[in-house]
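Structure first, then comments.
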Amino acid sequence: MNLESVKTLYRAEMARSLRTVLQSIVSPVISTSLYFVVFGAAIGTRISEVNGVSYGAFIVPGLIMLMLLTQSVSNASFGIFFPRFSGSIYEILSAPMSYIEIVLGYVGAAATKSVILGLIVLATARLFVPFSIAHPLMMLVFLLLTAVTFSLLGFIIGIWADGFEKLQLVPLLVITPLTFLGGTFYSIDMLPPFWQAVTLANPVVYLVSGFRWSFYGIGDVSVWLSLGMILLFLCVALTTIAWIFRSGYRLRP
């Protein structure tokens, strides 16, 4: 494996984030902080506890997951889309690099940025509500797996999209609604039985539930089921990317 090529792509993507620090880091942190203020202050006064956890602390894992999913997809999709848009992708494809090295460079940078943002939001949440992390190792496992998996999804979207409109289509119309309906601000146990069954068809439920379990030891589904689901998503994303490079889908003129 050509590690120097991976480092070059990785550093270039990380440097792009430093050049747009307001958009890449400050903006997501401020947006997530506003959720803490609005939902924690407004709704928290009406819902004191959920499953024995104060409402303000209960929504912390969900808000981190919301930011993590959207930022992972956005960072990775734009990272690969812009070289396609500018035509520089052909220089990368003609370089002595395997598709694994290309994916490692782009997806690694996107996942790193998302994890950094997640940790910043985690630290920022301390300013608003007190909370504990019962299983810090599992918290980091879910954080890393989610960032990598959805960065891979963003990479796929960046190759599929043929315009900036399509680039925002999936994050805005699919990822964000699924996250809001996936137990970010509530436990699915609070829903009627029929809607509980419907909600379990939402894949984001398993991510939010597993991540919340790592904080408080509670979840809407088994933590092992949550871990199994994210590993399944990871395998599907890797298989799709392997097919894209083998077939040349949207990569060949």
May I ask you to list the residues in segment 58-74 that are of a type in the set (A, V, I, L, M, F, W, C), more than 13 Å from residue 176 (Cα to Cα) and out of contact with any strand residue (DSSP E or B) (no Cβ under 9 Å at 6 or more places or on another chain)? 60
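Test of understanding: among 132, 187, which residue is touching a residue at least 60 places away in the same chain (Cβ under 8 Å), surrounded by fewer than 14 Cβ atoms within 10 Å (Cβ to Cβ) and polar (S, T, N, Q)?
Working: 187 fails: surrounded by fewer than 14 Cβ atoms within 10 Å (Cβ to Cβ).
So the residue among 132, 187 that is touching a residue at least 60 places away in the same chain (Cβ under 8 Å), surrounded by fewer than 14 Cβ atoms within 10 Å (Cβ to Cβ) and polar (S, T, N, Q) is 132.
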Scope segment 75-95; condition under 14 Å from residue 105 (Cα atoms) and either among the polar types (S, T, N, Q) or not in a helix (DSSP H, G or I) (or both); matching residues: 75, 77, 95
Which numbered condition in (1) at pLDDT below 90; (2) in a loop (DSSP other than H, G, I, E, B) is the only one that residue 133 fails? (1)
Please go through segment 190-226 and pick out each residue that is among the hydrophobic types (A, V, I, L, M, F, W, C), touching a residue at least 40 places away in the same chain (Cβ under 8 Å) and surrounded by 15 or more Cβ atoms within 10 Å (Cβ to Cβ). 204, 207, 208, 211, 213, 215, 218, 223
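For residue 163, indicate whether it is over 18 Å from the mean Cα position of the chain (by Cα) and within 30 Å of residue 248 (Cα to Cα). So that I can check it myself, show each step before the final result.
Numbers: over 18 Å from the mean Cα position of the chain (by Cα): yes; within 30 Å of residue 248 (Cα to Cα): yes.
Criteria met by residue 163.
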Name the one entry in 16, 11, 46 that is among the basic types (Lys, Arg), at negative phi and at pLDDT below 75. 46
Condition first: touching a helix residue (DSSP H, G or I) at 6+ places or on another chain (Cβ under 7 Å) and among the hydrophobic types (A, V, I, L, M, F, W, C). Now tell me which residues in segment 129-145 satisfy that. 129, 131, 133, 134, 138, 139, 142, 143, 144, 145
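Please go through segment 109-129 and pick out each residue that is buried (at least 21 other Cβ atoms within 10 Å of the Cβ) and either of a type outside the set (Ser, Thr, Tyr) or not in a helix (DSSP H, G or I) (or both). Write out each step before concluding.
So the first thing to find is which residues in segment 109-129 are buried (at least 21 other Cβ atoms within 10 Å of the Cβ), and the list is 109-111, 113-114, 117-118, 121, 125.
Once the filter is applied, which keeps residues that are buried (at least 21 other Cβ atoms within 10 Å of the Cβ) and either of a type outside the set (Ser, Thr, Tyr) or not in a helix (DSSP H, G or I) (or both), segment 109-129 yields 109, 110, 111, 113, 117, 118, 121, 125.
I'd like the full set of residues that are part of a helix (DSSP H, G or I) and either surrounded by 19 or more Cβ atoms within 10 Å (Cβ to Cβ) or touching a strand residue (DSSP E or B) at 6+ places or on another chain (Cβ under 6 Å) (or both), limited to segment 96-107. Step through it out loud before you land on a result.
Step one: list which residues in segment 96-107 are part of a helix (DSSP H, G or I), which gives 99-107.
Matches in segment 96-107: 101, 102, 103, 104, 105, 106, 107.
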Could you identify the single residue in 31, 86 that is surrounded by fewer than 19 Cβ atoms within 10 Å (Cβ to Cβ), out of contact with any Asp or Glu (no Cβ under 9 Å at 6 or more places or on another chain), within 25 Å of residue 161 (Cα to Cα) and modelled with pLDDT under 90? 86
Matching residues in segment 182-221 (β-branched (Val, Ile, Thr), out of contact with any helix residue (DSSP H, G or I) (no Cβ under 6 Å at 6 or more places or on another chain) and more than 21 Å from residue 53 (Cα to Cα)) number 1
Long-range neighbours under 8 Å by Cβ, at least six apart or interchain, first residue closer than 19 Å to residue 91 by Cβ within segment 229-253, second part of a loop (DSSP other than H, G, I, E, B) and of a type in the set (Asp, Glu): 250/162
Restricting attention to segment 100-144, report how many residues are more than 18 Å from the chain's Cα centre (by Cα) and under 25 Å from residue 83 (Cβ atoms). 3
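The values are calculated or read from the model by the stated rules, or taken from the named source; none is laboratory data. These numbers come from a predicted model, not from an experiment. For neighbour counting, all protein chains shown are included, and Cβ atoms are generated from backbone atoms with ideal geometry for every residue, glycine included.
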